[in-house]
Every structure is written in C-alpha cells, then in structure tokens.
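Here, each number is a calculation from the coordinates, and none is a lab measurement. The structure presented is a predicted model; accordingly, all values stated were derived computationally and were not measured. Positions of Cβ are backbone-derived with ideal geometry, glycine not excepted, and every protein chain shown enters the neighbour counts.
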Amino acid sequence: MPYRQWDVQVKTLAAGAISDAWAKNWINLKKDPTYFDHINITNIKLSLNAESFPTERMRLNFDNNDYNEAHFRYTEFQSSYLNCSEKRPILDYDVFKERTLFVIDCSRRDENERPSTVDVRLEIEAAQGFPENTIAYCIIIHDCIMEYTFHSIIL
C-alpha cells in the first residue's frame with residue numbers, strides 16, 4: 001500500500017547572518033506555526049545526495065517584488081503533488097509575499113540510482129541578516145510503501 005509520509009524539521013537561524021546551511025541534524029517540533037515571512041531570502045537551494053534543486057540560483061528580491069520563481073514553484077507543486085493539471089493555490093502573488101512558503105519539488109529527479117541513505121542539505125541566503133529568533137521549517141514529503149502479509153493461524 002503506497003502512501004506519503006511527512007517529516008517536519010526545524011532549525012533556528014543565526015541572528016544577523018546573511019546565509020545558513022544545515023544537513024539533516026534537525027529536531028522535530030510539534031508546534032503548528034501559522035505565519036511565515038520571506039526575511040529577504042535571495043536564494044534557497046536543496047541538495048539531495050549529490051543533486052541540487054533548483055540547479056541555478058533563484059535571484060529573488062522581495063523589496064523589488066521580484067519573487068516570480070518562488071511563487072511559480074509554490075503554484076506548480078500542487079499539481080505535481082496531486083498528479084493533476086488543475087492549479088488552485090491558496091496564496092495569490094501578492095499574499096505570497098506576506099506569507100511566503102518556499103517549495104522545492106524533487107519528485108522529477110532521476111530514480112535509477114537510489115542510495116540506502118539520503119543526505120539532505122538546505123542552503124538559505126538573504127539580502128540582510130536573519131532577524132533574531134528566526135526559525136526555518138523544512139517539510140519533507142516522501143513516498144513510502146507498506147506491505148501487509150496476512151498470516152493465518154490454524155488452531
């Protein structure tokens with residue numbers, strides 16, 4: 001039976017830093033935050049084993065309303081995740097600026113070589129230092145397959 005599993009990973013970003021990266025050494029958090037902010041992110045990249053997503057820099061500039069690529073990736077994810085052509089994103093372009101969710105879809109990656117371990121690295125760059133108490137959340141959605149084997153017991 002195939003299903004999708006979600007893992008939420010959290011990391012506090014260093015106040016004043018303009019870039020950060022971390023490997024999968026995160027802590028789980030049960031809190032459900034409802035507001036997100038772009039904090040002047042200029043580029044965000046995910047490395048999955050040796051492959052990077054996206055392959056080129058995003059070159060975002062929220063001050064100049066230049067965040068088309070981030071919004072496009074957000075809107076495209078719905079149809080990719082649901083495997084349909086219909087797109088109905090919750091956040092339109094203007095609202096997206098105030099409640100930014102960065103989406104990196106790795107579902108179209110080459111599956112021929114599937115290692116037993118998965119190395120994940122998220123790199124974040126900003127135009128200004130990260131505000132104090134900034135927390136980055138990373139939701140990893142991956143496919144799983146569960147196999148149920150019925151065992152009969154004869155008494």
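A Förster radius of 30 Å, combined with the Cβ-Cβ distance separating V118 from E69, puts the computed FRET efficiency at roughly 0.75.
With r as the distance between the Cβ atoms of S80 and A50 and R0 = 25 Å, compute the FRET efficiency 1/(1 + (r/R0)^6) and round to 0.05.
Working: r = 22 Å, r/R0 = 0.89.
The pair A50/S80 has a calculated efficiency of 0.65.
Between A14 and E98, the distance separating the two model label sites (each 7 Å from Cα on the Cα→Cβ line) works out to 3.4 nm.
Between the range 91-109 and the range 38-68, the alpha-carbon centres lie 11 Å apart.
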